[in-house]
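The values are calculated or read from the model by the stated rules, or taken from the named source; none is laboratory data. Note that this is a predicted model, so its numbers are computed, not measured. Glycine gets a Cβ as well: all are built from the backbone with ideal geometry, and neighbour counts include every protein chain shown.
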């Protein structure tokens with residue numbers, strides 16, 4: 001009787017162990033791969049993308065693609081491998097105070113055939129800097145996974161479509177037009193939630209020795225010192241390493257629109 005009980009306990013232990021391994025290979029285990037990757041790892045900037053833990057989310061031959069659609073409808077397409085996927089999220093580790101957060105909204109489809117799993121899902125994302133929202137939108141992800149050693153799901157292919165719905169701070173584009181020898185007109189395109197707005201300004205430039213006096217809209221006056229390569233507003237330095245009036249104007253606009261513009265790109 002004791003011998004039979006011993007065999008029964010051993011058989012039960014083996015059965016429970018097999019069930020535990022199988023559980024990793026079922027639908028809940030597959031979903032856990034994506035919640036761990038996006039919400040738990042990529043959304044946690046304290047976790048290094050160089051750690052082997054991150055590499056274990058992917059097969060050695062992982063490939064994919066990424067489509068980004070901006071507010072204005074501009075489309076950017078990228079082919080991915082593991083290194084390029086890592087590079088896309090490395091910026092949120094090296095930029096001070098910047099982070100990205102994900103929230104899985106819905107699994108549209110989860111299919112498991114043998115050791116192959118297919119997932120289609122929707123996620124919301126939000127990019128923040130020092131607690132302030134820079135942009136947000138939605139990801140749609142379609143992925144193929146493979147079950148390794150009957151217990152671990154790994155990504156072998158991933159296609160993502162990233163749709164930007166709102167931008168609160170980012171790159172601002174400045175159209176700069178020279179009018180005569182001393183005057184400039186600027187049209188600054190600034191992100192404003194789900195749209196962009198244009199701000200217009202006029203500048204008058206007067207050179208006297210090493211100094212360039214820049215008057216904005218007939219009122220505020222800034223001084224570019226071409227020798228020190230600084231731009232001053234009164235006693236306050238607002239830019240350095242500047243030697244040209246056009247660059248000085250871009251820095252003035254960046255300073256005045258710092259809540260919206262991470263940088264100002266001049267197109268003249």
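General observations
- From the list 218, 180, 209, 234, the lone residue that is outside the structural domain of residue 83 (by TED's automatic domain parsing) and modelled with pLDDT under 80 is 180.
- For residue 248: the one exception among (1) buried (at least 18 other Cβ atoms within 10 Å of the Cβ); (2) part of a strand (DSSP E or B): (2)
- Subset of the range 75-101 [closer than 20 Å to residue 153 by Cα and surrounded by 12 or more Cβ atoms within 10 Å (Cβ to Cβ)]: 80, 81, 82, 85, 86
- Given (1) loosely packed, with under 13 Cβ neighbours inside 10 Å; (2) modelled with pLDDT of 75 or more; (3) more than 24 Å from the chain's Cα centre (by Cα), index of the condition residue 29 fails: (1)
- Selected residue [closer than 30 Å to residue 110 by Cα and either in contact with a helix residue (DSSP H, G or I) (Cβ under 7 Å, 6 or more places away or on another chain) or modelled with pLDDT of 85 or more (or both)] from 159, 263: 159
- Scope the range 194-227; condition under 37 Å from the mean Cα position of the chain (by Cα) and loosely packed, with under 15 Cβ neighbours inside 10 Å; matching residues: 194, 195, 197, 198, 200, 202, 217, 220, 221
- Boolean, residue 42 is at pLDDT below 95 and closer than 21 Å to residue 123 by Cα: yes
- Test: residue in the range 59-66 that is part of a helix (DSSP H, G or I) and at pLDDT 75 or above: no
- Residue 24 vs. criteria at pLDDT below 85 and on the phi < 0 side of the Ramachandran plot: yes
- Condition met for residue 122 (in the same structural domain as residue 45 (by TED's automatic domain parsing), at pLDDT below 90, part of a strand (DSSP E or B) and more than 12 Å from the chain's Cα centre (by Cα)): no
- Selection status of residue 242, in contact with a strand residue (DSSP E or B) (Cβ under 6 Å, 6 or more places away or on another chain), in contact (Cβ under 8 Å) with a residue 12 or more places away in the chain, over 25 Å from residue 134 (Cβ atoms) and not in a strand (DSSP E or B): yes
- Tally of residues being part of a strand (DSSP E or B) and touching a residue at least 24 places away in the same chain (Cβ under 8 Å) across the range 109-119: 6
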